[in-house]
Amino acid sequence: MNKVFPGENDYAAAGPKAHPGGEAGCSPLCCSRRRACLSASLLFLLATLAALITLVTILGLPSRTPGAQACITLTNRTGFLCHDQRSCIPASGVCDGVRTCTHGEDEDDSLCRDVPQSLPHFLVAHCGDPASWIYSDQKCDGTNNCGDCSDELSPVTVCPRCGPGWWHCPSTFFKYCDCISRRLCRDHIQHCSDWSDEYACPGP
């Protein structure tokens, strides 16, 4: 028979003795190191978060507005609204190989992968020839962009009469249709088939 000493069972039931002032099995030095590590980790996370907030503030974030949006440029032409909701670039500035919007969305592959089919309808104008097209801001600009003047004349396009800085006449230039720039008036060269640019046009 095993001999049991007084208090032996009480000691066995009590289990390992805890260190005063700390967790079981953790010395004061160990606990201090854990707290230091946690503090350092927290400071690192806060510093990272602050850096991200600063970066977003400086660069900005693209708008979550889905799809392309139309706008009116300073020259009263159809334009493309950038994601910053402030910049309006000319329609002809989309998919031209130059990133004009801050985030480059005017050259995004979703727009430019299959021009003109991939372009929003408001950026495209069709010519008299169904196979030909121009950007919508090139319509009614006084220039023969379609090659057959269908972007300047009816019945394909209805444009207002020549605006300021232009003279109305049947042009002899392939570049123009029924308006020429007043800069060409009275320069001793025939630009209108009726010579009105030399005898009637008041000049610039």
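The values are calculated or read from the model by the stated rules, or taken from the named source; none is laboratory data. Everything numeric in this text was worked out from a predicted model, so none of it was measured. Cβ: placed from backbone, ideal geometry, glycine included. Neighbour counts: every protein chain shown. To get the accessible areas, we keep the full protein, side chains included, count just its heavy atoms, and leave off ligands, DNA and RNA. Shrake-Rupley method; radii C 1.70, N 1.55, O 1.52, S 1.80 Å.
Out of the range 70-117, which residues are among the charged types (D, E, K, R) and under 22 Å from A131 (Cβ atoms)?
Residues satisfying the conditions are D96, R113, D114.
In the range 78-99, which residues are open to solvent by 20 Å² or more (accessible area, probe 1.4 Å), out of contact with any Ser or Thr (no Cβ under 8 Å at 6 or more places or on another chain) and of a type outside the set (K, R)?
First pass over the range 78-99, keeping only residues open to solvent by 20 Å² or more (accessible area, probe 1.4 Å): 78, 81, 83-88, 90, 92, 95-99.
The next check asks that each one be out of contact with any Ser or Thr (no Cβ under 8 Å at 6 or more places or on another chain); those that pass are 86, 92, 95-99.
Passing the criteria: S92, C95, D96, G97, V98.
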